[in-house]
Amino acid sequence: MTKTSATCEVTPSRGFAVSGDERHCVAEFLAEYASWLLGCGATCQRIEKNTRRMARVFGYNFDISIMPAHVYVSIWRENAAKAVTVMHKAAACGINFALNASLSRLSWIVADNGLGYATAMCRFRKMINVKPTDKWEVLLLASLANASFCRLFGGDLVAMAIVFVSTCAGLKLKQIMTAEGRDVRLVFLCASFFSAAISAGGHVFSLGTTPEVALGTSVLYLIPGVPYINAVIDMLDRHYLCAFSRVIDAFVLTVCLSVGLCAGMLILGLKWF
Amino acid sequence: MSQSVVIWIVIATFLFILLVYKVFVGKHLVHGHRHGHMHRFKKSQLHVLEIGNEREMFYINGDANDEDECDV
């Protein structure tokens, strides 16, 4: 097995020349590509299909093993006993649908145009270095979306305004704590506690006619929906290990946000039922 | 004023101050650090309570680098 720190360098100035053994470089590229897909929230099926598509274009037989936090990629030409295997840790990029879509698109561009490894690598580097969506933009849109959720569940305009403010406050706290490297479970607990406590203002000050809807929907932005959906898809596709890993991760986060919500209600003396 | 109202005001005020500090004052400090003013502030800063992150918990005195390449 090859360690991931192989000396694969694409040098555009020299016409995309590849230094070192090409098999190792291709294997490393495919492993890194798969690790980014895994990190940005792609299902195992998508990771396998996309990576296999590119390996086929590069002229290699291919197999992949996807673990909850790592991927193993093996490529070979004729003799599987001489396969090059590379392991790569899942990229810590967070759920990112834009990156997920662009990485998938890359595999189709490579397949449709028969691009070589070096060009694919070059495009891959550009894709993963794209600046993420602005935090303030995310804050505004997520708050509006959560306020809309409140409306869908029957909340009035006052409840929507309360949810908007509580989501803004909780999500900003989540962004700050995440940027500081705090444990994700603590982040979820704190964000849900403060969002629930702020939205409980509807009850405390008797604002609007549906304060209970505002309280219930104020923490919806924290529900880890993508891991839950991916877990079901992985389970249907018989990737049980990844499926259970994702569902347990999501379950732990759901418990944390529930604890925060309950703590907020308990401290403010609200009735549970 | 009922107990719930007092608790709500305390929580909301705490969160408001925290966010304002982190978003505006924190940014100012980082800006000051870039211009070499952070050192003076650090000396006068009093840490009553501090929550450590994972890197600090696993840091061992005598390590060549406190920057671990695994910390991403």
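For residue A:41, the test of being surrounded by fewer than 23 Cβ atoms within 10 Å (Cβ to Cβ), modelled with pLDDT under 90 and not in a helix (DSSP H, G or I) is passed. Checked against (1) free of Cβ contacts under 8 Å to residues at least 24 places away in the same chain; (2) assigned to a helix (DSSP H, G or I), residue A:264 meets all criteria but (1). What's the total number of residues in the stretch A:68-92 that are outside any strand (DSSP E or B), buried (at least 18 other Cβ atoms within 10 Å of the Cβ) and within 14 Å of chain B (Cβ to nearest Cβ)? Looking only at that region, the number is 2.
Would you say residue A:145 is within 11 Å of another protein chain (Cβ to nearest Cβ) and out of contact with any Cys (no Cβ under 8 Å at 6 or more places or on another chain)? Spelling it out, it is not the case that residue A:145 is within 11 Å of another protein chain (Cβ to nearest Cβ) and out of contact with any Cys (no Cβ under 8 Å at 6 or more places or on another chain).
The set of residues in the stretch A:148-176 that are more than 23 Å from the chain's Cα centre (by Cα), within 11 Å of another protein chain (Cβ to nearest Cβ) and hydrophobic (A, V, I, L, M, F, W, C) contains only A:165.
Going by the conditions given, is residue A:264 touching a Ser or Thr at 6+ places or on another chain (Cβ under 6 Å), within 14 Å of another protein chain (Cβ to nearest Cβ) and farther than 15 Å from residue A:185 by Cα? Against the criterion (touching a Ser or Thr at 6+ places or on another chain (Cβ under 6 Å), within 14 Å of another protein chain (Cβ to nearest Cβ) and farther than 15 Å from residue A:185 by Cα), residue A:264 does not qualify.
Scanning the stretch A:103-114 for residues that are touching a residue at least 12 places away in the same chain (Cβ under 8 Å), surrounded by fewer than 18 Cβ atoms within 10 Å (Cβ to Cβ) and under 19 Å from the mean Cα position of the chain (by Cα) turns up just one, A:104. Filtered by the rule that a residue be within 11 Å of chain B (Cβ to nearest Cβ), crowded, with 18+ Cβ neighbours inside 10 Å and farther than 23 Å from residue A:251 by Cα, the stretch A:177-228 gives A:198, A:199, A:200, A:201, A:202, A:203, A:204.
Against the test of being crowded, with 16+ Cβ neighbours inside 10 Å, free of Cβ contacts under 8 Å to residues at least 60 places away in the same chain and more than 30 Å from residue A:171 (Cβ to Cβ), the options A:117, A:60 yield a single qualifying residue, A:60.
The values are calculated or read from the model by the stated rules, or taken from the named source; none is laboratory data. Predicted model, so just to flag it, every value in this text is computed and none were measured. Ideal geometry is used to build each Cβ from the backbone, glycine not excepted, and the neighbour counts take in all protein chains shown.
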